[in-house]
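Reading through the structure tokens given below for one structure.
Every number in this text was worked out from the coordinates using simple rules, so none of it is lab data. What you are looking at is a predicted structure, and each value in this text was computed from that prediction instead of being measured. All Cβ positions, glycine included, derive from the backbone under ideal geometry; neighbour counts span all protein chains shown.
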Amino acid sequence: MKFFNIDCHISVIRDVKDIFSELGHQVDSWCISGHNWVMNNPSPKVDIISSENWHSINDDMCERFYQRYKQELSEYDGFIVTYPPVFVKLFEKFSKPIIMYVPIRYEVPYTNKPIEWEKFNNFLRNGIDSKLIIPVANSIYEKKYSEYFLKRDFHYIPNICEYTKNNWQPKNDMYLYFSKFQLKTNSSNLYDKRLLGRYNWSTLAKFKGIVNIPYNCSTMSIFEHYTANIPMFFPTPQFLLELYQQYPKDGILSEISWNQVLNLPPGSYISADKDDPNLYNNIDVIKKWIMHSDFYNTETLPHIQYFGSFDEMEHILNVSDVQSISANMRKQNILKRQKVYEAWNNIIKAYY
């Protein structure tokens, strides 16, 4: 089968392309991201929609896109949308199934536009109910977040990210500190990622492991590092919340809500209840929602190590058997890969 995609994110669709290709399907993608150089991809010339104007997507733009490309894209069996999810609107009139694979809060660019957001919700509900839109999330957080607002079930399929072709081969005795948060403690064990400049994936695999204080609940780098069998270290939920409260604007969970990213007040602009995930100033709400984060998903990504303080981090880094951790991750990656391929194959069979 042949699928078509337009994307503003280089990684998610590349992962899907690799998987679908191995399953015997073709995925053609026009990626309008400014990061195409990372994958050595050309930057295509696309009419109507661009990386500069997509935030203003509306019905007129979608109609003009359809009229411009209806003949060229009519040969495809279906469409795939990752980031932004709102691109599902570009393909509505083709009347073929659209896989909406959500990698981050689905509502952008309507976060602070309640009328448009509600309209988009209704569009998605109608599409899901009619099986025109196939709802998939790459993390439990995105699954729960999307279901919270849309009241529709989403499939969960994590990314694999074998495109890095990377495998853990430590060459030095230091751990890479991989975070936007400037560490408030000196550590002879850590080397700050910011000192690397522009780096290759293989550079990361030369470190003893990766210490991460996350800025979001799910990132592609987490999948990339896990698939490369690189030992990974994260703060416990309690310690992460302590850091979030202590350093609220220093890169710790700073992108768990578009409201934060856009400097908007906490709370969704459409109706929500006391568990509204966009109440980023409510520590009880954040505590509940971060448990859906990839780095706390011990079923899909087990063998991640956790520290409850910076002192404990130092101790764990000194005593961890990284060879054993990596070996266990390698075994899990074999199982995870089988499940991911089976899940995508089941979706294709069910909807096409």
Residue 327-residue 196 pseudo-label distance in nm [points 7 Å out on the Cα-to-Cβ vector] = 2.6 nm
ask   = Sequence-distant or interchain residues sharing an amide H contact under 5 Å with residue 134, placed H: which?
value = 98, 99, 100
ask   = Tell me, which longest segment in the chain has none of the trypsin sites (Lys or Arg not before Pro) that fall in DSSP loops with at most 11 further Cβ atoms within 10 Å?
value = 275-352
Angle in degrees between helix 140-150 and the longest Cα principal axis of the chain, rounded to the nearest 10 = 40 degrees
ask   = Once fully extended, how much extra length lies between residue 264 and residue 188, figured as 0.36 nm per residue of separation less the alpha-carbon to alpha-carbon distance?
value = 23.5 nm
query = Of the residues 298, 236, 219, which exhibits the maximal mean-square fluctuation in a Gaussian network model of the chain defined by a 10 Å Cα contact cut-off?
reply = 298
remark   = Measuring from the longest principal axis of the C-alpha atoms of the chain, the long axis of helix 10-22 (C-alpha) lies at a number of degrees, nearest 10, equal to 80 degrees
Those residues of the range 48-84 whose amide nitrogen sits under 20 Å from the label point placed on residue 180, 7 Å along Cα→Cβ = 55, 83-84
message = Which of rounded, prolate or oblate describes the range 2-157 when judged by the alpha-carbon gyration tensor and an a/c cut-off of 1.5?
response = rounded
ask   = If the limit is 31 Å between Cα atoms, which of 113/180; 2/113; 144/208 go over it?
value = 2/113; 144/208
message = Between residue 50 and residue 245, what is 0.36 nm times their sequence separation minus the Cα-Cα distance? Round to one decimal in nm.
response = 66.4 nm
query = If you take the square roots of the eigenvalues of the alpha-carbon gyration tensor of the range 164-252 and sort them as a ≥ b ≥ c, do you get rounded (a/c under 1.5), prolate (a/b over b/c) or oblate?
reply = prolate
task = Scale the Cα Rg of the range 166-323 by the rule-of-thumb value 2.2 N^0.38 Å and send over the ratio, two decimals.
result = 1.07
ask   = Expressed as a rounded percentage, what relative contact order does the chain have, with Cα pairs under 8 Å and six or more residues apart?
value = 14 percent
query = Stretched out fully, how many nm does the piece from residue 173 to residue 148 gain, at 0.36 nm a residue minus the Cα gap?
reply = 4.6 nm
query = Which residues' amide hydrogens lie under 5 Å from the amide hydrogen of residue 7, considering only partners 5 or more residues apart or on another chain, with H built in the peptide plane?
reply = 30, 31, 32
task = Using θ = phi - 60° and the Karplus relation 6.51 cos²θ - 1.76 cosθ + 1.60, list the HN-Hα couplings for the range 110-115 in order, rounded to whole Hz, with x at every Gly or Pro.
result = 9, 3, 10, 10, x, 5
remark   = In the structure shown, of 249/288; 89/349; 184/287; 45/339, the pairs separated by more than 31 angstrom at the C-alpha atoms are 45/339
Footprinting exposure proxy for 56, 221 (fewest neighbouring C-beta atoms within 10 Å first) = 56, 221
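What longest range of the chain stays clear of loop-exposed GluC sites (Glu not before Pro) (DSSP non-H/G/I/E/B, at most 13 other C-beta within 10 angstrom)?
Numbers: sites that count: 52, 72, 75, 299.
Longest stretch, sites excluded: 76-298.
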key: Charge dipole (debye, nearest 20) of the chain; +1 at Cβ of Lys and Arg, -1 at Cβ of Asp and Glu   = 480 debye
key: For residue 254, distant residues with modelled amide H under 5 Å away   = none
message = Test of understanding: in a Gaussian network model of the chain with alpha carbons linked when under 10 Å, which of 303, 155, 55 would top the mean-square fluctuation ranking?
response = 55
request  = For the chain, list log₁₀ I(q)/I(0) at each q in 0.09 Å⁻¹, using the Debye formula over Cα point scatterers of equal strength and ignoring solvent, two decimals each.
outcome  = -0.51
key: Selection from 259, 281, 234 lying farthest towards where the dipole of the range 162-336 points positive, charges on Cβ   = 234
query = To the nearest Å, what is the center-to-center distance of the range 157-203 and the range 329-352, using C-alpha atoms only?
reply = 27 Å
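May I ask for the net charge around residue 241, where only other residues with Cβ less than 13 Å from the Cβ of residue 241 are counted and Lys, Arg are +1 while Asp, Glu are -1?
Its environment carries a net charge of 0.
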ask   = Which distance in nm do the two modelled labels at residue 64 and residue 299 give, with both placed 7 Å along the Cα-to-Cβ direction?
value = 4.5 nm
Rough spin-label spacing in nm, given labels placed 7 Å along Cα→Cβ, for residue 319 and residue 23 = 4.4 nm
inquiry  = Taking the 0 to 90 degree range and rounding to the nearest ten, how far is the long axis of helix 322-351 tilted relative to the main principal axis of the chain, both from C-alpha atoms?
reply    = 10 degrees
